[in-house]
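For reference, the structure is listed below as structure tokens.
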Amino acid sequence: MTEKLSILVVGCGAMGSVYAARLAAGGHDVHMLDRSAEHMAAIARSGLTVSGPDGEDTVGVRSASTTLDVGPVDMVVLAVKAADVGGAARTVVGALGPRTVVVTIQNGLGSADEVADVVGADRLAVGIASGFGASRPAPGQVHHNAMKAVRLGAYAELPRERLDPVVDAWRAAGFATESVPDIVAMQWEKLICNVAYSAPCALTGLTVGEVMTHPECGPVSRSAAREAWEVARALGIAITVDDPVAHVQDFGAAMPAAKPSALLDVESGRVSEIGFINGAIPVQAARVGLEAPVNETLTRLVRTRELAWHNG
């Protein structure tokens, strides 16, 4: 029988709300923390409604708030944007007990380092969500297009016996979850997919499936993926991807109607995580004396679009 955990989910946008709902439906005590007062109030009043390919369900959570109102919990899930993860980690210090495991799930590279600096490397696990697409259509409601897998791995010094109950909790919540020994390789395998769709979708307004088959944008998407794959190999990352194009096409085929978070951000006038996704490739390439012109150009173009509201 899976151990019942007290869980705090921080950053309850589309993906964070899906995590919270599924973990609560799995029998755990879930607390939600998000800066959207309207979303939190709707959940506190009527529960959290999740819809997707497997139907619709409404679940109750232990609490939903815009401020931290719980003491130490067994697990903290940081589901905020990569740019906000340092601040979120500092916000939840009061929820950390001696055995608390912090799971940080962001797109791209670099956010786990920020979290480790705040909460300690010995309590940190890194999560990678793949094959997901989600949106938050209204306060108290979330929709997902697919839920493929959540991989979890120790950031550095987290003992295996403390990670196992966390993995069990995610499995009990209905996620295809596994513990992986090389979380860095898993991050890069996801990143190769992210760069193929994040910036291209954000710039064109196309969905993942539309980018895959587009006569003009498709080749750009595939070039971004190949470039990331080449950088990973040059860095010596132990990725298991032999064909980056087939890899990203398999990823996209699982959720062709999905809009990457970068596109949702552009549509809402928010600054995206593009610097942690496509923008991470030229940074990492420079470490081994390479350039990544495709991903650098895509990043600069997305940032050009964002300047309109970033400076507003």
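Below is a table of values for the structure above.
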item	result
The stretch 151-178 residues that are farther than 18 Å from Asp29 by Cα and assigned to a strand (DSSP E or B), paired with ones that are of a type in the set (S, T, N, Q) and open to solvent by less than 60 Å² (accessible area, probe 1.4 Å) (beta carbon under 8 Å, 6 or more apart)	Arg151/Ser130; Arg151/Thr177; Arg151/Ser179; Leu152/Thr177; Leu152/Ser179; Gly153/Ser179
Single match in Thr240, Thr299 (criterion: hydroxyl-bearing (Ser, Thr, Tyr) and open to solvent by 30 Å² or more (accessible area, probe 1.4 Å))	Thr240
Which numbered condition Leu78 misses (of (1) more than 16 Å from the chain's Cα centre (by Cα); (2) at pLDDT 90 or above)	(1)
Identity of the residue in the stretch 42-65, outside any strand (DSSP E or B) and open to solvent by less than 20 Å² (accessible area, probe 1.4 Å), that ends up farthest from Ile128 (Cα to Cα)	Ala42
Criterion violated by Ala262 - all others in (1) open to solvent by less than 40 Å² (accessible area, probe 1.4 Å); (2) aliphatic (A, V, I, L, M); (3) in contact with a His (Cβ under 9 Å, 6 or more places away or on another chain) satisfied	(3)
Of residues in the stretch 126-148 being modelled with pLDDT under 80, open to solvent by 10 Å² or more (accessible area, probe 1.4 Å) and not polar (S, T, N, Q), the one nearest to Leu23 (Cα to Cα)	Met147
Only one of Pro200, Pro256, Pro219 that is at pLDDT 95 or above and either surrounded by fewer than 23 Cβ atoms within 10 Å (Cβ to Cβ) or over 18 Å from Val294 (Cα atoms) (or both)	Pro219
Count of residues meeting criterion [free of Cβ contacts under 8 Å to residues at least 60 places away in the same chain and either of a type in the set (A, V, I, L, M, F, W, C) or in a strand (DSSP E or B) (or both)] in the stretch 80-115	11
Contacts under 8 angstrom Cβ, first residue in the stretch 193-222 being within 18 Å of Asn145 (Cα to Cα) and without any contact (Cβ under 8 Å) to a residue 60 or more places away in the chain, partner open to solvent by 20 Å² or more (accessible area, probe 1.4 Å) and outside any helix (DSSP H, G or I), 6 or more apart	Leu206/His214; Thr207/Pro256; Thr207/Ala257; Thr207/Lys259; Gly209/Pro256; Gly209/Ala257; Glu210/Pro256; Met212/Pro256
Count of residues meeting criterion [in a strand (DSSP E or B), open to solvent by 20 Å² or more (accessible area, probe 1.4 Å) and either touching a helix residue (DSSP H, G or I) at 6+ places or on another chain (Cβ under 6 Å) or of a type outside the set (D, E, K, R) (or both)] in the stretch 66-79	0
Any pair with Cβ under 6 angstrom, 6 or more apart, that starts in the stretch 52-77 at a residue that is free of Cβ contacts under 8 Å to residues at least 12 places away in the same chain and ends at one that is assigned to a loop (DSSP other than H, G, I, E, B) and not polar (S, T, N, Q)	none
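The values are calculated or read from the model by the stated rules, or taken from the named source; none is laboratory data. Nothing here was measured: the structure is a model prediction, and the numbers come from that model. All Cβ positions, glycine included, derive from the backbone under ideal geometry; neighbour counts span all protein chains shown. All accessible areas refer to the heavy atoms of the entire protein, side chains included, with ligands and DNA or RNA removed. Shrake-Rupley method; radii C 1.70, N 1.55, O 1.52, S 1.80 Å.
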